[in-house]
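Shown next, in structure tokens, is the structure this report addresses.
The values are calculated or read from the model by the stated rules, or taken from the named source; none is laboratory data. None of these values were measured; they are calculated from a predicted model. So basically every Cβ, Gly included, is an ideal-geometry build from the backbone, and we count neighbours across all protein chains shown. Just the protein is used for accessible areas: all its heavy atoms, side chains included, with ligands, DNA and RNA removed. Shrake-Rupley method; radii C 1.70, N 1.55, O 1.52, S 1.80 Å.
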Amino acid sequence: MIQATTILVSTIIGVGILPLPLFAVRDVGSGAPMVTLAGTLLAFIGLWLITVLGMRFPNKSIVEYSAEIIGKWPAAIGSVCIIIFFAVLSSLTAREFGEVVITSVLKRTPLEVTVFVMLLLSAISTRHDMRTFAYIHNFYVPLLLIPALLIVALSLKNADVINLLPVWGTPSGKMFRSVFTVAALFQASFVMTIVIPAMRQSRLAMKASIWSMIISGMLYITIVTATIGVFGAEETKLLLWPTLELAKTTSLPANILERLDAAFLGVWVTAVFTTLFSTYYFTIRALSNLFHLRDHKMFSFSVLPFVFILAMLPESILHMYEIIQDVGRIGLVITIFYPALLLVIAMIRKKRGDRGGDKTMDPKS
């Protein structure tokens with residue numbers, strides 16, 4: 001259960017942590033923390049649905065048990081949509097990583113190089129089995145959470161409570177757009193559909209889902225709260241990466257480090273890798289399940305050129321963020337509505353997989 005929790009936490013906390021306060025504050029002002037909370041709850045509905053489905057079919061992924069629920073060809077269409085969505089999600093994650101790196105750190109390095117290197121690193125890592133997949137996430141979680149929480153805690157000394165008032169902000173007709181955008185940042189938790197079949201005790205999957213959502217949701221809410229508290233709602237709207245700016249204004253006691261943005265970028269690169277690692281891994285595992293293959297390694301490098309081309313399609317960084325928000329909202333149909341449809345049909349048809357006993361870490365390896 002602990003490994004399943006760490007997989008979800010390190011997968012959810014990813015590239016979107018930089019523009020998160022901007023997405024949340026854009027339509028509601030100081031009500032951004034409430035919007036983040038609402039987006040977290042909406043994302044949890046999707047995670048709850050796929051976890052319940054996974055517990056009904058503990059030995060199969062969503063690609064496999066959807067065929068039992070709605071039939072071979074409708075399930076194939078749904079699975080192809082899921083695979084395409086996560087391939088696009090992987091490409092946008094790599095592109096956003098490249099944009100931040102060439103803007104903040106390696107200003108003379110071509111964008112194509114940074115994007116390709118990160119995708120190549122992920123492709124190489126995905127050639128391992130689920131056991132190694134779990135160990136990698138388990139190793140990186142402390143390196144993500146501890147520095148991130150430290151930076152947020154230190155930044156609060158510069159915060160002003162007046163910036164967080166009114167708590168409800170200035171609600172508008174576009175408030176739900178911000179809620180959907182924040183919820184879309186949690187969509188990588190869909191990887192739970194391939195984690196449950198590998199769990200020794202799949203009945204503990206719901207506990208893992210709840211704890212992962214609490215941990216990642218609280219981190220997102222505190223980051224948004226700290227950013228609004230330091231800069232104010234109107235200033236935050238003018239920042240492209242508010243969380244990075246927050247790290248720049250934060251220093252360690254006694255000025256040991258006057259700016260923590262360099263340290264934060266190191267943490268952020270790790271977060272990007274774990275998220276991209278999960279979405280890319282899910283893509284090739286889902287492909288192997290779709291074609292009923294025992295080994296997913298053949299897709300590790302064959303999918304890479306397509307994902308790289310998709311990553312290069314946005315014309316600029318602003319165009320990229322427009323696409324990210326649109327794709328994220330569309331993806332909610334795949335990550336929430338589709339599992340809900342499968343669950344309802346499975347309950348009506350009384351479909352349920354073999355519960356079995358304790359399992360090995362990776363039943364197909």
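Odds and ends about this structure:
- Tabulated pairs, the range 176-191, first more than 20 Å from residue 209 (Cβ to Cβ) and basic (Lys, Arg), second in a helix (DSSP H, G or I) and at pLDDT below 90, C-beta under 9 angstrom, 6+ apart or interchain: 177/325; 177/329
- In the range 162-200, the residues that are modelled with pLDDT of 90 or more and of a type in the set (Val, Ile, Thr): 162, 179, 181, 182, 191, 193, 194, 195, 196
- Residue within the range 181-188 that is aromatic (Phe, Trp, Tyr) and open to solvent by 10 Å² or more (accessible area, probe 1.4 Å) present: no
- Flag: residue 241 matches the condition of being in contact with a Leu (Cβ under 6 Å, 6 or more places away or on another chain) and within 30 Å of residue 84 (Cα to Cα).
- Extreme residue, farthest from residue 93 (Cα to Cα), among residues of the range 302-318 that are assigned to a helix (DSSP H, G or I) and open to solvent by less than 30 Å² (accessible area, probe 1.4 Å): 304
- Residues being in contact (Cβ under 8 Å) with a residue 60 or more places away in the chain and either open to solvent by 30 Å² or more (accessible area, probe 1.4 Å) or among the charged types (D, E, K, R) (or both) - total across the range 342-356: 7
- Taking the conditions (1) within 16 Å of the chain's Cα centre (by Cα); (2) at pLDDT 90 or above in turn, residue 16 satisfies each one other than (2).
- Test: residue in the range 202-225 that is farther than 21 Å from residue 278 by Cβ, in a helix (DSSP H, G or I), open to solvent by less than 10 Å² (accessible area, probe 1.4 Å) and at pLDDT 90 or above: yes
- When the range 117-149 is filtered for residues that are polar (S, T, N, Q) and more than 10 Å from residue 277 (Cα to Cα), the ones remaining, listed by number, are 132, 138.
- The set of residues in the range 174-201 being under 19 Å from residue 89 (Cβ atoms), part of a helix (DSSP H, G or I) and aromatic (Phe, Trp, Tyr) consists of 180, 190.
- Considered as a group, the residues in the range 226-251 that are β-branched (Val, Ile, Thr) and either open to solvent by 40 Å² or more (accessible area, probe 1.4 Å) or under 18 Å from the mean Cα position of the chain (by Cα) (or both) include one that is farthest from residue 3 (Cα to Cα), and that residue is 249.
- Residue count for the range 180-217, restricted to those that are farther than 14 Å from residue 48 by Cα and charged (D, E, K, R): 1
- Here residue 66 fulfils each of the conditions (1) under 22 Å from residue 188 (Cβ atoms); (2) over 16 Å from the mean Cα position of the chain (by Cα); (3) surrounded by fewer than 19 Cβ atoms within 10 Å (Cβ to Cβ); (4) not aromatic (Phe, Trp, Tyr) apart from (3).
- Residue count, the range 14-33 (criterion: outside any helix (DSSP H, G or I), hydrophobic (A, V, I, L, M, F, W, C) and closer than 21 Å to residue 247 by Cβ): 1
- Within the range 32-63, the residues that satisfy the criterion of being in contact with a Pro (Cβ under 7 Å, 6 or more places away or on another chain), under 20 Å from residue 290 (Cβ atoms) and open to solvent by 10 Å² or more (accessible area, probe 1.4 Å) are 59, 60.
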